[in-house]
Structure formats: structure tokens, C-alpha cells
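Coordinate-derived values only; no laboratory data. Quick caveat, the model's predicted, so the values are computed rather than measured. Ideal geometry is used to build each Cβ from the backbone, glycine not excepted, and the neighbour counts take in all protein chains shown.
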Amino acid sequence: MGSTVTLVNTLGTGGTRTVMRFRVARRAAEDATVPRRLADVRPLVRTDAVAVRRFDFRRTGDGPHAAWTINGEPFRPGSPLARPRLGTTELWRFSSDFHHPIHVHLAHFQVLARGGRSPAATDGGWKDTVDVRPYEVVDVLVRFAGHRGRYMMHCHNLEHEDMAMMADFEIL
Ligand SMILES: [Cu+2]
């Protein structure tokens, strides 16, 4: 009692550095339980993939013309970078020059490999976003199980998505 716990954004400065503070006000009993098994996840395997696609996330160009791009392309709505088929699984290989959390809309995936090695413990289960660190290559198996139509993937860094580090893909 009386102690404090402060949540800090170590990448933040000024007003974005200290996120929140908890003050322990009283003793309390914890009566919640965690189920022994959280979910049944059928692991996808490499041979499920009917296609392999590469998406490279990096800064392209110089000076005022520099931009955050995917496969060197600026965002062009309506020009999909991939056309996967509904009901299939593909291997998507994400590479990066920087720290980019890659978010794929409405198509969940499982991490197959990180830097050519087994995924990290935090990569387990179904994902809609994967952390790709500087000069890292992350292979994911994406399952297109929802609906046909145009979807989007993008870097989830706010500054990067604000600068249109995004691309369409279309599920056929
Ligand atoms: Cu980014």
C-alpha cells in the first residue's frame, strides 16, 4: 500500500513519455482464474501456402522526396499489390529497414519464422499485426477466410501510416 507503479513509453519524449501511474490504495483479494487452455489454434504449416509474396517496408528517396514505402511504391488506392484467392493461405515475407509493426486488415495470420529461425514466444497464435524490427525478415502464413474484396495493409506506426505507408490487396 502506498506504492506507485508508473508505465513509461521509453521511446517517448516530453508529454508522451509518462503514460500513466497506478497508486496502490488498498489491499484486495484476487479471485479471477485463468482457464488452463485459452484457445485451440490449429497451426498452419508451410505446405498450406499456395503462393509466396514479398513486401519490403522501407524509406525510399532522398531529402524532401523521401517517403515510407512498401516495395518501393507510394500508396495507390485501387492498385492492389496482391490478389490472393478466398479460402487459400499464402506465405507473406515482410522485410524492413526500420521498426515497423505490420498490420494486415481482416486476414489473420500466424508467424512461421523470424530471421530464418523459429518464431518468438510472443509470435504465438493468430495475429493481425506483427512487429518487424530493423533489417529483419518475418515470414507469416496468411489465411484468407473472410470475404472477397479490397483490403489494406499498413505500418501501424502512426507517423508512418499518416505518411501513407500502406497498400491495397484484393481477395478474389
Ligand atoms: Cu513503419
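Which parts of region 14-56 would a label at T4 reach, counting a residue when its backbone N lies under 18 Å from a point 7 Å out along Cα-to-Cβ?
Answer for this model: 14-26.
Relative contact order for region 65-172: what percent, with Cα pairs under 8 Å and sequence separation of 6 or more?
On the way: 244 pairs, mean separation 43.8, N = 108.
Taking the mean separation of contacting Cα pairs over the length of region 65-172, I get 41 percent.
Choose one of P74, F22, G149: the residue whose Cα lies farthest towards the positive end of the charge dipole of the chain (beta-carbon charges +1 Lys, Arg; -1 Asp, Glu; about the Cα centre).
Checked the options; the winner is F22.
Taking 0.36 nm per residue of separation and subtracting the Cα-Cα distance, what length does fully extending A39 through V52 add?
On the way: separation 13, 0.36 × 13 = 4.68 nm, distance 2.80 nm.
Working it through step by step, the gained length comes to 1.9 nm.
If you place +1 on the Cβ of every Lys and Arg, -1 on the Cβ of every Asp and Glu, and leave all else neutral, what size is the dipole of the chain about its Cα centre, to the nearest 20 Debye? If you can, show how the numbers build up before the last one.
Values: 24 positive and 19 negative charges, 103 e Å.
Using Cβ point charges on Lys, Arg, Asp and Glu, the chain gives about 500 debye.
Quote to one decimal, in nm, the extra length available between R27 and W126 on full extension: 0.36 nm per residue of separation minus the C-alpha distance between them.
32.0 nm
Which percentage, to the nearest 5, of the DSSP beta bridges contained in region 46-171 is antiparallel? Please report the intermediate quantities before stating the final value.
On the way: 32 of 39 bridges.
Counting DSSP beta bridges with both partners in region 46-171, the antiparallel share is about 80 percent.
Take R133 and S79, extend 7 Å from each Cα along the Cα→Cβ direction, and tell me the distance between the two endpoints in nm.
3.4 nm
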